[in-house]
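Asks: Here's a structure for you.
The values are calculated or read from the model by the stated rules, or taken from the named source; none is laboratory data. These figures come from a predicted structure and were not determined experimentally. Here the Cβ is made from the backbone with ideal geometry for all residues, glycine too, and neighbour counts use every protein chain on show. Side chains are part of the model used for accessible areas, which takes the heavy atoms of the whole protein and leaves out ligands, DNA and RNA. Shrake-Rupley method; radii C 1.70, N 1.55, O 1.52, S 1.80 Å.
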Amino acid sequence: STGFSVKKAVYYNNKYWLLPESGAITVYDSQTLKEVPDYIKNDAEYWNINLFNDIEVSTDNQLWLASWMPKDFGISRFDETERKIVEISAIPGNEAQFVADYFHRIAQLSNGNMIFSATGGFNIVNPNGEIVYSMFPRMSNVACDNIDGIAGDRNGHVWFGCAEGLYYYNMKTETPIRISRID
């Protein structure tokens, strides 16, 4: 029992990471199931101003976060050395590539890249934290800007959900196809 509502939990580096509805991520030791206090070294203001929406561990064992960050963009990862959540906006070339500052969900693509859905499209990020692709709905003829659910298929294409429905996004042709009842 945690005493708070949990959005998602993941297992990472022999610990359970619990993403709450709001506030700080809580880390538990996997052997004792006891909380590891102050494991993440970000300060109290960091937890108060940011809203974390999703957490995911990649196949190369990195912990990624999708968030709303009013003072930064919403894609972060955990730096194991500093034991801090760090934004990837500091990586040269990334700042101009973000589709938004409010990110919803994370999924992993078959090539090891991570995909982040946002209010404003989606970004694909390589394991080094570099944004390698940005999809802006209005430039791609997708009527809805708010991309929520997202997934990749084994062919490297993207599936996403929005208020308008389900879309298949062909990465080779950079073409969205809306899936309807007919399909």
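Asks: Taking the Cα centroid of segment 112-165 and of segment 1-55, what is the distance between the two, rounded to the nearest whole Å?
Replies: Using only Cα atoms, the two centres lie 26 Å from each other.
Asks: Still on this structure, please answer the following. How many nm is it between the label spots at residue 14 and residue 45, if each spot is 7 Å from the Cα in line with the beta carbon?
Replies: So the label points at residue 14 and residue 45 sit 3.5 nm apart.
Asks: Right, here's the next one. Give the lysines reachable from residue 84 as a straight Cα distance under 17 Å; neighbours fewer than 8 places away on the same chain don't count.
Replies: Residue 84 reaches 15, 41, 71.
Asks: Cβ under 11 Å from residue 50's Cβ, residue 50 left aside: what net charge do those residues give with Lys, Arg +1 and Asp, Glu -1?
Replies: Numbers: positive: 71; negative: 45, 72, 87, 101.
Around residue 50, the charge tally is -3.
Asks: With a 1.4 Å probe and every protein chain left in place, work out the accessible area per residue of segment 95-183 in Å², rounded to a whole number.
Replies: On the way: 4560 Å² over 89 residues.
So segment 95-183 comes to 51 Å² accessible per residue, rounded to a whole number.
Asks: Please compute the modelled spin-label separation between residue 154 and residue 138, points set 7 Å along Cα→Cβ, answer in nm with one decimal.
Replies: It is 3.9 nm.
Asks: Run lengths n ≥ 4 of DSSP H only: what is the helix-derived mean residue ellipticity at 222 nm for the chain, with -39500 (n - 2.57) per run over all residues, to the nearest 500?
Replies: On the way: 1 runs with 6 residues, N = 183.
Calculated at 222 nm, the ellipticity per residue is -500 deg cm²/dmol.
Asks: Separate question: Mind giving me the FRET efficiency for residue 183 and residue 84? R0 is 35 Å, r the Cβ-Cβ distance, nearest 0.05 is fine.
Replies: Numbers: r = 45 Å, r/R0 = 1.27.
It comes out at approximately 0.20.
Asks: Right, here's the next one. On the principal axes of its Cα set, how long, how wide and how thick is segment 33-96? Give whole Å, largest value first.
Replies: On the principal axes, segment 33-96 reaches 41, 30, 21 Å in Cα extent.
Asks: Something else: Summarise the accessible area of segment 43-183 (1.4 Å probe, protein heavy atoms) by the percent that is carbon and sulfur.
Replies: On the way: 3370 of 6990 Å².
On segment 43-183, the fraction of accessible area on carbon and sulfur atoms equals 48 percent.
Asks: So if I restrict to the alpha-carbon atoms in segment 22-138, what is the Rg, and what is Dmax, the biggest pairwise distance, in Å?
Replies: Both quantities, over Cα of segment 22-138: 14.2, 49 Å.
Asks: Also, quick follow-up: If we sort 129-142, 53-66 on the protection proxy, mean other Cβ atoms within 10 Å, highest first, what's the order?
Replies: In decreasing order of mean packing, 129-142, 53-66 become 53-66, 129-142.
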